Amino acid sequence: MLLYHNYVILGVMIDHLTEAYHAARTRLLLLDYDGVLAPIVARPELAAPTGEILNSLRAIATQDDTQLVVISGRDRNTLEQWLGSLPIDMSAEHGHFYKESGVWHSVHEADMSWLADVDAAMRLLVDKYPGSHIESKQASLVWHYRQAETPVDELDAKRQIERAAHDRAIVMQGKCVVDVRAPGADKGQAVRHWYASQNWDFVLCVGDDVTDEAMFAALPESAWTIKVGAGPTIARTTLTRQEDVQMLLRQLSGL
């Protein structure tokens, strides 16, 4: 059951987390991208990482016995373009693809039998709500309506997309998006892959949206699980703003 956050990490709590981080012999960091490493923006292509974030990630990833993984709904080409120069692992499209030791892999052959029907339903919504748009990925299709010119009936729109998917795909409502993806993978599965790779003294997982709850659920209670922003969550802790993540990463990086 989803619960509201227990407390907000600021000041003393960031110091507490940082102390545990530096005391650990082995460390695993699992970070969402949008809303965590970059703010939510009107157009997905405008969310490139800042120099400060890249510097912090690089500094953390090159620390001894530290594994940093970005787990995102983004497509792998975008992640590679923005983060590919960093010595990190990545997971794209909610766990359908992952990059490990510099090589991209697919989890399995995705069932895309739903694609044409969902695309048609989303195109009707784009016509109904000017300013909204469709983002096509290899194993998913996303309808973005943050810039819709008129108020969106979110429940009705999601139902239309669900009817088109007809139980052949996973339909998730996010922050001004409806994400439809092939079954068989999620962010929780990606988290379990890296968590099981060795015994970790310290685990940090940060996300901001409903799709990230699967990451939190895949980890033990001892992990530092953090939701960015308001709303129900099973995460252990919350941060109020995406900028607070930058402050936390800067402290962990030692820059």
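The values are calculated or read from the model by the stated rules, or taken from the named source; none is laboratory data. Bear in mind that the values here come from a model prediction, so they are computed numbers and not experimental data. Here the Cβ positions follow ideal geometry from the backbone for every residue, glycine too, while neighbour counts run over all protein chains shown.
For the reader, a short list of remarks on this structure follows.
- Single match in ASP119, ASP167, ASP201 (criterion: more than 25 Å from GLY229 (Cα to Cα) and in the same structural domain as ALA20 (by TED's automatic domain parsing)): ASP201
- For the residues ARG58, ARG43, the requirement of being modelled with pLDDT of 95 or more and surrounded by fewer than 22 Cβ atoms within 10 Å (Cβ to Cβ) singles out ARG58.
- Count - residues of the stretch 87-105 that are touching a residue at least 24 places away in the same chain (Cβ under 8 Å) and out of contact with any Ser or Thr (no Cβ under 9 Å at 6 or more places or on another chain): 3
- Selection from the stretch 33-91 of residues that are over 21 Å from TRP104 (Cβ atoms), assigned to a loop (DSSP other than H, G, I, E, B) and of a type outside the set (D, E, K, R): GLY35, VAL36, PRO39, ILE40, VAL41, ALA42, THR50, THR62, GLN63
- Count of residues meeting criterion [charged (D, E, K, R) and out of contact with any Lys or Arg (no Cβ under 8 Å at 6 or more places or on another chain)] in the stretch 86-129: 7
- Taking the listed residues ARG159, ARG146, ARG181, the one that is over 23 Å from ALA20 (Cβ atoms), surrounded by 20 or more Cβ atoms within 10 Å (Cβ to Cβ) and modelled with pLDDT of 90 or more is ARG181, with no other qualifying.
- Out of ALA169, ALA218, ALA182, ALA214, sole residue that is more than 26 Å from TRP114 (Cα to Cα) and among the small types (Gly, Ala, Ser): ALA218
- Complete set of residues in the stretch 241-255 that are touching a strand residue (DSSP E or B) at 6+ places or on another chain (Cβ under 9 Å) and farther than 13 Å from ILE14 by Cα: ARG241, GLN242
- Number of the exception - HIS144 against (1) out of contact with any Cys (no Cβ under 8 Å at 6 or more places or on another chain); (2) outside the structural domain of ILE71 (by TED's automatic domain parsing); (3) not acidic (Asp, Glu): (1)
- Positions within the stretch 100-132 being in contact with a strand residue (DSSP E or B) (Cβ under 9 Å, 6 or more places away or on another chain) and of a type in the set (A, V, I, L, M, F, W, C), in sequence order: TRP104, VAL107, ALA110, TRP114, LEU115, VAL118, ALA121, MET122, LEU125, VAL126
- Elements of type helices (runs of 4 or more DSSP H) contained in the stretch 185-255, each with 3 or more residues being under 15 Å from ARG27 (Cα atoms): 187-195, 242-253
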